[in-house]
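Below is one structure, written out as structure tokens, with a few remarks after it.
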Amino acid sequence: MTRYNFKIIEEKWQNYWVKNNSFKSVVDKNKKKFYSLEMFPYPSGKIHMGHVRNYTIGDVLARFKMMQGYSVLHPMGWDSFGMPAENAAKQNDLDPKKWTEKNIKTMRDQLKQLGLSIDWDKEISTCSPEYYKHQQAFFLELYDKGLVYRKENYVNWDPVDETVLANEQVIDGRGWRSGALVERKKLNQWFFNISKFSDELLEGLETLDGWPNKVKTMQKNWIGKSFGCELDFEIEGSLPVKNIKCFTTRPDTLFGCSFVAVSIDHPIARFYENDKNFLAFKEECSKTGTTEESIAQAEKLGFPTSLMAINPLDPSIKVPVFFANFVLMDYGFGAIFGCPAHDQRDFDFAKKYNLNFISVIDPINEKDKIETNNKAYTGPGKIINSKFLNNLNAPDQSILEAIKILEEKKLGKKKINFRLKDWGVSRQRYWGCPIPIAYNDKNEIIKVPLEDLPVKLPENINLNTKGNPLDHQKDWFDIQINGEKCKRETDTLDTFVDSSWYFLRFCSNKNTKEGFDLDEIKYWMPVDQYIGGVEHAILHLLYSRFFMRAIKHKRKEFINPEPFKGLFTQGMVCHETYKNKNDQWLSPDEIETNDKINYHLKGMPDEKVKVGPSESMSKSKKNTIDPEKIITNYGADAVRLFILSDSPPEKDVQWSDQGMLASYKFIQKFWLLHKKIISIILLKNENGDSKPIDSFTNIMIDKITKSIEKFHYNVLVANFHETYNYLNKEIEKPINYLSLSKNYKKILSIMHPVMPHLISECLIELEPKMSLEWPTADHKKILNKSINIVVQINGKKRTIINLENEISESQLILKIKEEPLINKFIKNKEFKKTIYIKNKLINIIV
Ligand code: ANZ
């Protein structure tokens, strides 16, 4: 009995799969297709445990479907544009392209070592001109369809680095690199008109039965549909302003209005352009970031105008008009009416500027009545102090009634608003897809002609400049288009654009003419199962859903615009955290323990280590485990088995060295068992009862098939252990060798997706001409399949009947009549109706 040498065997099978093109995806109209996709990685250097988990989960499914006879597309690519390459290149004076390509090579090799069933012929990389050429063509297509436009918008500006920062790069109001206070600055930016599809994106969610509800809810909230009305306030004052239009979701609180507030970018701001105080106020406002959150949290600031607004429902009430920092220009009409008693922001604002409080909703609960002095009351109640609206139930009745009255009086009208804002895609960075646009002398927009695509990034340039390095590339940006002198757009596209259509590209990654081949996507799309982290629940998934709709717009022949039929979000891989006495993070490699309670620095028993909670693995906390080392020490199958074992895939999994070791031991143990089974088969014993093993095998086929379909992968691993124990005992008894061999083959087959190297080796030793097929369970062969049936009388559970085998409904009723526990409920009573859910429940109405 030899040890299982995973190094040799894993390498052998990996080579075999490559040589035999085992995972090639073929469009075969006679076969059902399955498109299995895991979110593609950013090539940051090496794969991490999160990748191992994500790709193993996807691989099990892809292999399962292949074995079931589906034509499977299971591709891999690289989300290879983005900041880290540019930063790494800046810091180490490297070329982002070379840095990225080197990382891709390393990570590709690592993924291959994991034994993933990937069709590497389909590989793509978003930073390659062969990919982004088509993205540029899509950009122009969207531009022609009116779905792309340019406008001035606020950005987070780092005045020291002279660069635009993403929201995540603003930490406590300062630039993440320079530490400078971030300012709000207006820049010309490119936008995708995603808000045009707000309604469709919302409605489309209803069709996504294969998505987790939590993700659908997050998208729904992000799109943020609000029902309300628009209304006009007439304005009095010395300025030529007649009306201010507001959007409100609470027109029923109009009698509680004590001010009107507009954004600092509202059209009336033009009358204050030369007012020093106003400019100082604007400056103050620009110190808060651009996110809605930061604006919501910032202290409420106002600047009074000389205008008064007239309440549309009661012209005798006049209220002051302010500029306020919490009113956004790009929502509704950039203007609000304030009702301090029933809105917290208005409450804070009114307190600060000494404005009136008029309560117009009388809370239902006594307790709330007392609290209304300290905070706005936003709950339900009865309308008060509101003339003809009095006594209506708020909010349900009162909002509709208020809108009806406003519409009748022609003072306002019903309006639906969406929170979803257009997607700003301009980034002032080098390492991204160039925007295929130029500007002529008159600063008019000129499209780069299609035949000139791709607009390639210049290479070998100096990145250590202030601001966008492309702004310094005169040779690159000075061009002629149709004989006209032009300057290229130097902004590049947000990397989210790259990942918004990559799933289409995989279907026909070699097509040089177009981004996709319609026939190919008609066959492969939608992605049947998409697997990735929940951190992408909103943006990436929403942008992909938008992109599909944007392509379909005015292209009737295009496919159904929902890209992902099934979505699965996997949990994180976690590990304990460690710190030394100076509160610096330590990696698991740097520490040691003798008793699993007290930890110290390796080789230094006096240097105590503080053990912190288990957190998701991250470089910054040094609590990572390098997959490469683990694969070298234990092999790919052991890691795959471990990463699926302890928790359901949607939950976080705790890394444990003991767990890893146990998986490794299981593989070794299984190999020994396998050798035993092979030698038993070779004895060609023809005697023995094969019914028990037939039964066991079919039960397992049933269980494992269901576990894979439902993503209960941890249960699957438990089933493997059960199988091992069973076989280990069963082979001690005499079994007919043909039956053993037949059943063992099926058992190996259902274990194959999780440990493909080990199982391939076992299978080929069992049968030199190996064929991989998913077995189907033969329920007739299952012995003693005991069934529990709940018996209800008039809807009340009275007992459970245990049956050895399936019986008919009439037989079941006879049996129930004999049950002593039931007797008293049915004695002398007539059965009016029986409702029978097969093998589960029977309800007898008497
Ligand atoms: C008066 C009012 C009274 C409001 C009240 C609320 C409660 P959602 O649900 O998110 O759509 N609003 C409108 N436009 C705004 C803008 N550009 N910037 C900031 N706030 C704006 O929110 C709608 C509410 O947000 C609107 O209803 C308006 O305040 C405010 F007791 O009108 B409300």
- [ ] Output the residues belonging to region 419-438 that are touching a strand residue (DSSP E or B) at 6+ places or on another chain (Cβ under 6 Å) and closer than 21 Å to residue 332 by Cβ.
- [x] 422, 423, 424
- [ ] Name every residue in region 764-802 that is under 27 Å from residue 705 (Cα atoms) and either touching a Phe, Trp or Tyr at 6+ places or on another chain (Cβ under 7 Å) or among the aliphatic types (A, V, I, L, M) (or both), in order of residue number.
- [x] 764, 766, 770, 772, 774, 777, 782, 783, 787, 789, 790
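Can you tell me which residue among 419, 427 is buried (at least 18 other Cβ atoms within 10 Å of the Cβ), charged (D, E, K, R) and in contact with an Asp or Glu (Cβ under 9 Å, 6 or more places away or on another chain)?
Working: 419 fails: buried (at least 18 other Cβ atoms within 10 Å of the Cβ).
Testing whether each residue is buried (at least 18 other Cβ atoms within 10 Å of the Cβ), charged (D, E, K, R) and in contact with an Asp or Glu (Cβ under 9 Å, 6 or more places away or on another chain) leaves just 427.
So which residues in region 255-309 are in a strand (DSSP E or B) and either polar (S, T, N, Q) or buried (at least 18 other Cβ atoms within 10 Å of the Cβ) (or both)?
Step one: filter region 255-309 for residues in a strand (DSSP E or B), giving 259-262, 302-309.
Within region 255-309, 259, 260, 261, 262, 302, 303, 305, 306, 307, 309 meet the criteria.
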Task: Answer residue from region 233-252, given it is farther than 30 Å from residue 397 by Cβ and touching a Phe, Trp or Tyr at 6+ places or on another chain (Cβ under 9 Å) and is nearest to the ligand (Cβ to nearest atom) among those - done: 241
Open item on the list: Looking at region 368-387 only, could you name the residues that are free of Cβ contacts under 8 Å to residues at least 40 places away in the same chain and under 17 Å from residue 400 (Cβ atoms)?
Closed with: 380, 381, 382
- [ ] Only residues that are surrounded by 18 or more Cβ atoms within 10 Å (Cβ to Cβ) and either hydrophobic (A, V, I, L, M, F, W, C) or closer than 23 Å to residue 572 by Cβ (or both): list them for region 682-709, please.
- [x] 693, 696, 699, 700, 701, 704, 707, 708
Open item on the list: When the residues of region 438-468 are narrowed to those that are without any contact (Cβ under 8 Å) to a residue 60 or more places away in the chain and not in a loop (DSSP other than H, G, I, E, B), which ends up surrounded by the most Cβ atoms within 10 Å (Cβ to Cβ)?
Closed with: 438
Task: Positions within region 471-480 being out of contact with any Lys or Arg (no Cβ under 8 Å at 6 or more places or on another chain) and either assigned to a strand (DSSP E or B) or surrounded by 11 or more Cβ atoms within 10 Å (Cβ to Cβ) (or both), in sequence order - done: 471, 472, 473, 480
Task: Residue among 285, 257 that is within 16 Å of the ligand (Cβ to nearest atom), modelled with pLDDT of 95 or more and either of a type in the set (A, V, I, L, M, F, W, C) or within 29 Å of residue 372 (Cβ to Cβ) (or both) - done: 257
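Okay, residues lined up against (1) aliphatic (A, V, I, L, M); (2) more than 19 Å from residue 413 (Cα to Cα); (3) free of Cβ contacts under 8 Å to residues at least 24 places away in the same chain:
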position: 194; (1), (2), (3): yes, yes, no
position: 217; (1), (2), (3): no, yes, yes
position: 260; (1), (2), (3): yes, no, no
position: 281; (1), (2), (3): no, yes, no
Open item on the list: Tell me yes or no: at least one residue of region 412-425 is of a type in the set (Lys, Arg), assigned to a loop (DSSP other than H, G, I, E, B) and in contact with a Lys or Arg (Cβ under 9 Å, 6 or more places away or on another chain).
Closed with: yes
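Can you go through 614, 620 and tell me which one is in a strand (DSSP E or B), of a type outside the set (A, V, I, L, M, F, W, C) and over 30 Å from residue 763 (Cα atoms)?
Values: 620 fails: in a strand (DSSP E or B).
On inspection, the qualifying residue turns out to be 614.
The values are calculated or read from the model by the stated rules, or taken from the named source; none is laboratory data. Keep in mind it's a predicted model, so treat the numbers as computed, not measured. Cβ coordinates were reconstructed from backbone atoms using ideal geometry, including for glycine residues, and neighbour counts include every protein chain displayed.
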